[in-house]
Amino acid sequence: MKAYSHKHPKASPLINAIPEAADKARSMNLPYWIIAQDTNPFGIVIVGQEPQQLTAPSGTPVALITLEPSQASSRNLPDFISTATKLVTAKNLANALVTVSFKHRRAVRQFLQAGFEPFDDYYLMYRQLSQQWTPTTELRFESVKQRETREWFKMATRFLAGTADTALNHNLQYMLDLPDTFLTRYHASEKLYFVAKGDTTIGILDIHGTKGWIGNMAVDPLSRRQGCGKQILTFALNQLKTRGCSKAGLRVHVNNKPACRLYSSFGFKKTARFKRLLWWNHRYTTS
Ligand SMILES: CC(C)(COP(=O)(O)OP(=O)(O)OC[C@H]1O[C@@H](n2cnc3c(N)ncnc32)[C@H](O)[C@@H]1OP(=O)(O)O)[C@@H](O)C(=O)NCCC(=O)NCCS
């Protein structure tokens, strides 16, 4: 198995053979390598810098591995993993993150055997947006201005802490140190809100109006179990419906019981479960 840069003359037919994975790489606007045996591509390694997945401090070079499930079998996966991790070592990247469907248990086992560590285990949940919910009058939803984005991340860091979401807990340590360029980009792509009760900010929310996606929602630990979570979710769903989305989706860690219960009580259904696994390059050196 070999890794071909996306610029390599042999890369084009390989890229065309795995359009979904290639689209993902192109949409990130980053260099990538296709791992293939002869004319069969098995996956892609995208190379970039944090903050992409918030696995390490800003500026850390990292990789994102996308496996093509239709091509990879348990027979060729060890070779794929070894080619991918060799590339990560050769490029002096700090780590590599891969997402594998929970259904592909054997693949998950093979990544673990190759030294990857469990990082995340989450459900994707969706519900149709056929109705409008009665809005709350108790809470105020204040749209976050671009210059307030860092303040919003500070609040988010505080309110999102302490859940059973291991990936989120890892990500949180890097949220206070995000570069301005990232904050500007994030503010342009998401709709961020401070949630206030009286004079106090008691929660945060971010949604993606065109993707129909609820990114983050959280309530100050001191204000939990008073119905605020339900009101924030009601607002989020009404916003997405008003913006023309036909369904709403979100990611939730499988062990985040309060959030899972809240979403289920609003009719969200689990449509898939994924594991993310992280490989640390112990030879990584900063220069
Ligand atoms: C999830 C979260 C937003 C809920 O906020 P909240 O204000 O406490 O929620 P509400 O009081 O409106 O409760 C709504 C429902 O959530 C569920 N719920 C909330 N807290 C719960 C808990 N500790 N245990 C079990 N279920 C819980 C219940 O179904 C509850 O309905 P009920 O009170 O009728 O039983 C809050 O726990 C939070 O901020 N957690 C940390 C951040 C987080 O996990 N965000 C989601 C990331 S995907």
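The numbers here are math on the coordinates, done by the rules we state, and not lab data. Note that this is a predicted model, so its numbers are computed, not measured. Cβ: placed from backbone, ideal geometry, glycine included. Neighbour counts: every protein chain shown.
If the Kirkwood radius is taken over C-alpha pairs of the range 166-287, then at 20 °C and 1.002 mPa s the Stokes-Einstein diffusion coefficient equals 130 µm²/s. What the Cβ-Cβ distance of LYS154 and ASP38 gives, at R0 = 45 Å and to the nearest 0.05, is a FRET efficiency of 0.30. Computed over neighbours whose Cβ is under 13 Å from that of THR83, the net charge equals +2, Lys and Arg +1, Asp and Glu -1. Between the helical axis of 180-189 and the longest alpha-carbon principal axis of the chain there is an angle of about 70 degrees.
Were the residues from ASN29 through ARG109 laid out at 0.36 nm apart, the gain over their Cα-Cα distance would be 25.7 nm. Of the GluC sites (Glu not before Pro) found in the range 112-218, those in coil by DSSP whose Cβ has at most 11 other Cβ atoms within 10 Å are GLU138.
Summary of packing: across the peptides 247-255, 9-17, the per-residue average of other C-beta atoms within 10 Å ranks them, highest first, as 247-255, 9-17. Among rounded, prolate and oblate, which fits the range 1-133 when a ≥ b ≥ c are the square roots of the eigenvalues of its C-alpha gyration tensor, a/c under 1.5 means rounded, and a/b larger than b/c means prolate? It comes out rounded by the Cα gyration axes. Among the chymotrypsin sites (Phe, Trp or Tyr not before Pro) in the range 55-129, those located in a DSSP loop and surrounded by at most 16 other Cβ atoms within 10 Å of their own Cβ are PHE102. The C-alpha atoms of the chain occupy a region whose extents along the principal axes are 62, 43, 32 Å, arranged from largest to smallest. Rounded to the nearest 20, the size of the Cβ-charge dipole of the range 2-115 about its Cα centre is 220 debye, with Lys and Arg at +1 and Asp and Glu at -1. Relative to the longest principal axis of the Cα atoms of the chain, helix 77-90 runs at roughly 80 degrees.
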